[in-house]
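The values are calculated or read from the model by the stated rules, or taken from the named source; none is laboratory data. Predicted model only: the values in this text are computed from it and were never measured. Positions of Cβ are backbone-derived with ideal geometry, glycine not excepted, and every protein chain shown enters the neighbour counts. Ligands, DNA and RNA are stripped out before the accessible areas are found, and what is left, the full protein with its side chains, is counted by its heavy atoms. Shrake-Rupley method; radii C 1.70, N 1.55, O 1.52, S 1.80 Å.
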Amino acid sequence: MNTALLAQAANEARGLAIDAVHACNSGHLGLPLGCAEIGAVLFGEALRYAPDAPKWLNRDRFLLSAGHGSMFLYSWLHLAGYAVSRADVANFRQLHSITPGHPEFQETPGVEATTGPLGQGVGNAVGFALSGKRAAARFNTAAHTLFDQHVFALMGDGCLQEGVAKESIAFAGHNGLDNLILIYDSNDVTLDAMAVVTQSENAEAYFTSQNWDAVTIDGHDLEAIAAAIAAAKANDNGRPKAIIAKTLIAKGIAEVAGTAKGHGEGGAKFSAAARAGLGLPAEERFYVSPATQAFFTAKKTTSQAAFEAWQVTYDAWAAANPELADELTAGLAKSAPTDLSAHIPAFAADYKDATRSAGGTILNAVATVMPQVLTGSADLFGSTKNYLKDGGDYSKANPLGRNIWFGIREHAMGAICNGIAYDGLFRPSGATFLVFADYLRGSIRLAALAGLPVTYIFTHDSVGVGEDGPTHQPVETVSGLRVIPNLNVIRPGDAEETAGALVAAMSRTDGPTALILTRQTIPLMNQLTVASRRDGTRKGGYIARQESAALTTILLASGSELQHAMAAAETLGAGVRVVSLPCFELFDRQSAEYRESVLPAACTHRISIEAGVTGLWWKYVGTQGKALGIDRFGISAPGDTVMVELGMTRDHVIAAAR
Ligand SMILES: Cc1ncc(C[n+]2csc(CCOP(=O)(O)OP(=O)(O)O)c2C)c(N)n1
């Protein structure tokens, strides 16, 4: 290892961060400066990557969980020779730059995940590690090794304080993800204050107790960093690795180093003196020395050759294993069979069960033709019904397993699913009771923001849950999810709509889907064809009952209340149309003509019914209409009784319409 060169590169990376933050007077200097030597070892020595092939399947993954330190990542991507130019670095945090305030997936080559909400990146890294283990088990053959990468994440005190990281660390230790290397920037400083104000845990003892290996090093000692990483990489002992790197936050800006003031942009005003101290030329901003440039240019040549050698292996593997190659390709393309619906048998006309049960049956059918589908539950497989019968259980001993036992760790489930989806080889889904969706909301929001095709299977979708009472009866949760941009929320009204919902979810490439399924049995809408229910659901909304006289009234419903709208229409007469609206987001994306054909503007006599808060329904029923719902918390009693008590019946629809 060329320590002199890497030490110099570290100071130049510091200079890039100082200049970028100084230029926009915003951002975070503490981490990029404090972790400069860690960056130098990672990008100069330890990581396997090829800047011109940023998606190389066998690259080591590096995630900056402490996303506020984004200039760390941008500096090193620039130095390493990714398509992140000097101008891009200089454009830090500006409109349409590829160097946004926090790293954003798909915006910048080399950025593996959108990070910033602390702790999420740790969970994502666990998902990447699981994906890597499974990829090796699934695709490597005796003759060809396609996957043997490591997953690195850099996190700070803030990440480690977050529950989502703690849940994920426990999961990783339990599942023996020894391909995961977490570097903890332990600088004893958070944002407001010294870390001692808010934490006193013994990090090494903590990690060890979670079945991790942990070592504490001087985070500015290049040799020590390299040795710790090399040891972590070499040791496939069934335990993830934590490298606790003691660092000085904002090292290089004497006025703020080692203090909470060093965390943010506060040090930027001392940039002239800091740059001089770091040996950077006064006259040139964003300076990279010829020696550093030459070092990374040479490294890029060798890493490109390594990538190309791997590509030869890949080609030979694909020729020898065409079916596996097709599976890998389909996973990467996020593609579903175009005739996926045809692989889901129609439900018998007398089928009577909850949509959660139908969902399980459908998911099993989908999984047989989509081997990339993985599913998991937060200790509720027995209730969420999404267990893949022939899928096997994911574990240290069985990384091929398709059922992931997340434990009672909903937030980690969300973050780990995101990690799997970022990695892009498999299509993750995770399940819990709808009422607990808020526990993973932070991860759902990021899946939506980053455009990840994660599927959430949320069952026990309303006060219909019954006896467990208001703690377990969601009323606001469906609407709460609907307001997240780019999240499709589908609440199907029978088993066939559930099939349509699964097809929509599993075919989606650019964002997540939440399936909202009942605990209680609801009837099949046999008066409609299977195709109309499935296709109608994929459009988000459709005419479930066509009026047979001049249109007077439109009844709108989702989920378990569709049956009441249908029944009410029979009584209300020939001029009544029923519109099933299982997914607002999909419906809103249909053409204006289609939406008008389903909900003609001229008909303002509209009544909606859904067992949840009414607020969002007003955009469909309009000011002349009525929205029936539940704008209060539920009650502990048998589910049918609660539904009647809270007005979710055919008769309430009839009364409202009249
Ligand atoms: C979930 C979440 N809560 C709060 C913040 C705001 N925040 C950003 S950085 C930070 C302090 C993090 O401390 P540490 O990880 O030690 O970072 P360092 O000071 O070492 O840069 C906080 C509270 C955030 N980004 N995410």
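Set side by side, the residues Gly262, Gly258, Gly267 differ, and just one is open to solvent by less than 30 Å² (accessible area, probe 1.4 Å), modelled with pLDDT under 95 and within 16 Å of the ligand (Cβ to nearest atom), which is Gly267.
When region 642-658 is limited to residues that are β-branched (Val, Ile, Thr) and either free of Cβ contacts under 8 Å to residues at least 24 places away in the same chain or touching a strand residue (DSSP E or B) at 6+ places or on another chain (Cβ under 6 Å) (or both), the one that is farthest from Pro470 (Cα to Cα) turns out to be Val653. When each of Lys396, Lys385, Lys389 is tested for being within 20 Å of Leu440 (Cα to Cα) and over 21 Å from the mean Cα position of the chain (by Cα), the lone residue that passes is Lys385. Per the listing Tyr314, Tyr287, the residue uniquely at pLDDT 95 or above and within 32 Å of the chain's Cα centre (by Cα) is Tyr314.
Can you tell me which residue in region 72-87 is most open to solvent (accessible area, probe 1.4 Å), limited to those that are away from the ligand (no atom under 11 Å from the Cβ) and touching a Gly at 6+ places or on another chain (Cβ under 8 Å)? Only one residue fits best here, namely Tyr82. Residue under question is Leu446, and the condition is that it be in a helix (DSSP H, G or I) and either open to solvent by less than 10 Å² (accessible area, probe 1.4 Å) or among the basic types (Lys, Arg) (or both); does it hold? Yes, satisfied.
Please tell me if Gly69 is closer than 19 Å to Phe286 by Cβ and away from the ligand (no atom under 16 Å from the Cβ). No, not satisfied.
Residue pairs whose Cβ atoms lie under 8 Å apart, separated by 6 or more positions or on different chains, with the first residue in region 19-31 and of a type in the set (S, T, N, Q) and the second within 11 Å of the ligand (Cβ to nearest atom) and in a helix (DSSP H, G or I), do not occur. Output the residues belonging to region 373-400 that are assigned to a loop (DSSP other than H, G, I, E, B), open to solvent by 10 Å² or more (accessible area, probe 1.4 Å) and among the polar types (S, T, N, Q). Scanning region 373-400 gives Ser395, Asn398.
In region 156-168, the qualifying residues are those that are within 18 Å of the chain's Cα centre (by Cα) and within 8 Å of the ligand (Cβ to nearest atom), and the one that is most open to solvent (accessible area, probe 1.4 Å) is Glu162. Taken together, Thr338, Thr329 contain a single residue that is open to solvent by 40 Å² or more (accessible area, probe 1.4 Å), free of Cβ contacts under 8 Å to residues at least 40 places away in the same chain and not in a helix (DSSP H, G or I), which is Thr338.
Could you tell me whether any residue of region 263-275 is in contact (Cβ under 8 Å) with a residue 60 or more places away in the chain, outside any helix (DSSP H, G or I), touching a Gly at 6+ places or on another chain (Cβ under 9 Å) and closer than 28 Å to Met1 by Cβ? Within region 263-275, not a single residue is in contact (Cβ under 8 Å) with a residue 60 or more places away in the chain, outside any helix (DSSP H, G or I), touching a Gly at 6+ places or on another chain (Cβ under 9 Å) and closer than 28 Å to Met1 by Cβ. The set of residues from region 600-612 being buried (at least 21 other Cβ atoms within 10 Å of the Cβ) and not basic (Lys, Arg) comprises Ile607, Ser608, Ile609, Glu610, Ala611, Gly612. Taken over region 180-200, residues that are aliphatic (A, V, I, L, M), open to solvent by 90 Å² or more (accessible area, probe 1.4 Å) and in contact (Cβ under 8 Å) with a residue 12 or more places away in the chain amount to 1.
Against the condition open to solvent by 50 Å² or more (accessible area, probe 1.4 Å) and within 14 Å of the ligand (Cβ to nearest atom), how does Lys233 come out, does it pass? Here the answer is no, as Lys233 does not meet what is asked. Screening Gln590 with (1) touching a Lys or Arg at 6+ places or on another chain (Cβ under 9 Å); (2) farther than 30 Å from Phe105 by Cβ; (3) not acidic (Asp, Glu) gives one miss only, at (2).
For region 119-128, the criterion of being of a type outside the set (S, T, N, Q), surrounded by fewer than 24 Cβ atoms within 10 Å (Cβ to Cβ) and in contact with a Lys or Arg (Cβ under 6 Å, 6 or more places away or on another chain) is satisfied by no residue at all.
The single residue among Ala129, Ala125, Ala135 that is closer than 18 Å to Trp56 by Cα, assigned to a helix (DSSP H, G or I), of a type in the set (A, V, I, L, M, F, W, C) and within 16 Å of the ligand (Cβ to nearest atom) turns out to be Ala125. If I filter region 564-577 for residues that are within 15 Å of Arg650 (Cβ to Cβ), open to solvent by 10 Å² or more (accessible area, probe 1.4 Å) and among the small types (Gly, Ala, Ser), do I get at least one hit? Within region 564-577, one or more residues are within 15 Å of Arg650 (Cβ to Cβ), open to solvent by 10 Å² or more (accessible area, probe 1.4 Å) and among the small types (Gly, Ala, Ser). For region 1-88, the helices (runs of 4 or more DSSP H) that sit wholly inside it and include 1 or more residues that are acidic (Asp, Glu) are 3-24, 36-41. Please tell me if Ala13 is surrounded by 24 or more Cβ atoms within 10 Å (Cβ to Cβ), in contact (Cβ under 8 Å) with a residue 40 or more places away in the chain and more than 15 Å from the ligand (Cβ to nearest atom). The answer is yes for Ala13. Within region 611-633, being in contact (Cβ under 8 Å) with a residue 24 or more places away in the chain, assigned to a helix (DSSP H, G or I) and hydrophobic (A, V, I, L, M, F, W, C) holds for Leu616, Trp617, Val621. Would you tally the residues in region 103-119 being aliphatic (A, V, I, L, M) and either within 12 Å of the ligand (Cβ to nearest atom) or not in a loop (DSSP other than H, G, I, E, B) (or both)? Selection size over region 103-119: 1. Within region 402-424, the residues that satisfy the criterion of being surrounded by fewer than 20 Cβ atoms within 10 Å (Cβ to Cβ) and touching a residue at least 40 places away in the same chain (Cβ under 8 Å) are Gly407, Gly424. Restricting attention to region 100-110, the residues that are free of Cβ contacts under 8 Å to residues at least 40 places away in the same chain and surrounded by 20 or more Cβ atoms within 10 Å (Cβ to Cβ) total 3. Picking from residues in region 169-197 that are outside any helix (DSSP H, G or I) and more than 15 Å from the ligand (Cβ to nearest atom), the one that is nearest to Ser395 (Cα to Cα) is Asn175.
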